[in-house]
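Visitor: I'd like to ask you about the structure that follows.
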Amino acid sequence: MDKKKLTRSSHRMIAGVCAGIAEYFGWEVTLLRIVYALATFFTAFAGVIVYIILWIVMPGKKISDGYEDRVRDKIQNGTK
């Protein structure tokens, strides 16, 4: 079973924070961005600070060529 990880998305507008959250929960990215912008506006721009903190804390998505998956499969199956 693959465990989902919260990471910044490569489908980014600024840093990929909103897109990463939307991908993790299976939400629509555009809707989340609109809600986040409105929440930021109505909380005296506190959302900007939260966004910067999430940008620092959330790891970026690793781009994979499949090598790691092939090695993991070989180890689990015991093949060479």
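We did not get these values from a lab; they are worked out from the coordinates using the rules stated. These figures come from a predicted structure and were not determined experimentally. A quick note on method: Cβ atoms are made from the backbone with ideal geometry, for glycine too, and the neighbour counts reach across all protein chains shown.
Visitor: Here is a list: Ala44, Ala37, Ala19. Which entry is among the small types (Gly, Ala, Ser) and outside any helix (DSSP H, G or I)?
Guide: Values: Ala37 fails: outside any helix (DSSP H, G or I); Ala19 fails: outside any helix (DSSP H, G or I).
Exactly one of Ala44, Ala37, Ala19 is among the small types (Gly, Ala, Ser) and outside any helix (DSSP H, G or I), namely Ala44.
Visitor: Here's another thing I want to ask about it. Please go through the stretch 54-80 and give me each residue that is closer than 17 Å to Ser9 by Cβ, surrounded by 10 or more Cβ atoms within 10 Å (Cβ to Cβ) and not small (Gly, Ala, Ser), ordered by number. Before the answer, list the steps.
Guide: At the first step, the residues of the stretch 54-80 found to be closer than 17 Å to Ser9 by Cβ are 54-64.
Those left that are additionally surrounded by 10 or more Cβ atoms within 10 Å (Cβ to Cβ): 54-55, 57-61.
Within the stretch 54-80, Leu54, Trp55, Val57, Met58, Pro59, Lys61 meet the criteria.
Visitor: With the structure loaded, tell me whether Leu32 is in a helix (DSSP H, G or I) and within 14 Å of the chain's Cα centre (by Cα) or whether it fails that test.
Guide: On the way: in a helix (DSSP H, G or I): yes; within 14 Å of the chain's Cα centre (by Cα): yes.
It is true that Leu32 is in a helix (DSSP H, G or I) and within 14 Å of the chain's Cα centre (by Cα).
Visitor: OK, next. Does the stretch 21-37 contain any residue that is among the charged types (D, E, K, R), touching a His at 6+ places or on another chain (Cβ under 9 Å) and surrounded by 10 or more Cβ atoms within 10 Å (Cβ to Cβ)?
Guide: So in the stretch 21-37, the residues among the charged types (D, E, K, R) come out as 23, 28, 33.
Now restrict to residues that are touching a His at 6+ places or on another chain (Cβ under 9 Å): 23.
Narrowing further to those that are surrounded by 10 or more Cβ atoms within 10 Å (Cβ to Cβ): 23.
Checking the stretch 21-37: at least one residue is among the charged types (D, E, K, R), touching a His at 6+ places or on another chain (Cβ under 9 Å) and surrounded by 10 or more Cβ atoms within 10 Å (Cβ to Cβ).
So that you can scan it fast, the table gives a plain yes or no per residue for (1) of a type in the set (Asp, Glu); (2) in a helix (DSSP H, G or I); (3) touching a residue at least 24 places away in the same chain (Cβ under 8 Å):
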residue: His11; (1), (2), (3): no, no, no
residue: Ala15; (1), (2), (3): no, no, yes
residue: Tyr51; (1), (2), (3): no, yes, yes
residue: Ile63; (1), (2), (3): no, no, yes
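Visitor: Scan the stretch 36-45 and tell me whether some residue there is among the β-branched types (Val, Ile, Thr) and free of Cβ contacts under 8 Å to residues at least 40 places away in the same chain.
Guide: Taking every residue of the stretch 36-45 in turn, at least one turns out to be among the β-branched types (Val, Ile, Thr) and free of Cβ contacts under 8 Å to residues at least 40 places away in the same chain.
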